């Protein structure tokens, strides 16, 4: 799964209508340019591609104040919302997502109902448990990972990754079940987007 698709769809959805510079600014504000491939070229490419696919609709806005050509603004379509939620649910529930995809999903988790978010995360825990079992059941030599010399460190890495992922996910579930954050249907959730004209303190070179 591409984190860029999820990030761009989510950013456009939060704004209602947004041009590429706004989307890029939000992703930098969230630090996504550090932990994902959210660079200008990939963001603008994703916007154009998803407009072609019917997930976004593009329209020209007024010319920029600098005198350049009209900006292209994007809005999410019904098909785009369906794709966004599909990507979000898959990213939260699948145990082997890349870190950038999981990070993007956590950034939008409050777009789901609280109970659904918890169940998706529990599915992730079950996947981690099953994966850990398969690794230790089929790949552990009788003498333990050390019998394989330094190659055994690969197995230790896998097991450690599963254990730490499980611990973090269970902690998040506990916080959510304890009432943390505002989820869909509960009121106005936190929305971390940059207001028009506001300088981004986390942008490259800032």
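None of the figures in this text is laboratory data; all of them are computed from the coordinates on show. Everything numeric in this text was worked out from a predicted model, so none of it was measured. Every residue, glycine among them, receives a Cβ derived from its backbone with ideal geometry; neighbour counts consider all protein chains shown.
Label residue 44 and residue 116 with points 7 Å out from Cα along Cα→Cβ: what is the distance between them in nm?
3.5
Taking 7 Å along the Cα-to-C-beta vector as the label spot, tell me the residue 136-residue 160 distance in nanometres, rounded to one decimal.
A separation of 1.6 nm, rounded to one decimal place.
Relative contact order, percent, of the range 1-101 when contacts are C-alpha pairs under 8 Å separated by at least 6 residues?
For the range 1-101, the relative contact order is 34 percent.
What shape does the range 114-177 take by its C-alpha gyration tensor, where a ≥ b ≥ c are the square roots of the eigenvalues and a/c under 1.5 counts as rounded, a/b above b/c as prolate, and the rest as oblate?
Prolate, since a/c reaches 1.5 and a/b exceeds b/c.
State whether the range 1-140 is rounded, prolate or oblate according to the following rule on the C-alpha gyration tensor (a ≥ b ≥ c being the square roots of its eigenvalues): a/c under 1.5 gives rounded; otherwise a/b larger than b/c gives prolate, and the remaining case gives oblate.
Taking the square roots of the gyration eigenvalues as a ≥ b ≥ c, the range 1-140 is prolate.
Just check the range 1-43 against the gyration tensor rule for me: Cα atoms, a ≥ b ≥ c as the square roots of the eigenvalues, rounded for a/c under 1.5, and otherwise prolate or oblate depending on whether a/b exceeds b/c.
Taking the square roots of the gyration eigenvalues as a ≥ b ≥ c, the range 1-43 is prolate.
Quick one: compute the contact order of the range 114-177, relative version, from alpha carbon pairs under 8 angstrom and 6+ residues apart, as a percent.
49
Work out the FRET efficiency for residue 123 and residue 151 from their Cβ-Cβ distance, taking R0 = 35 Å, and round it to the nearest 0.05.
Using R0 = 35 Å, I get an efficiency of 0.65.
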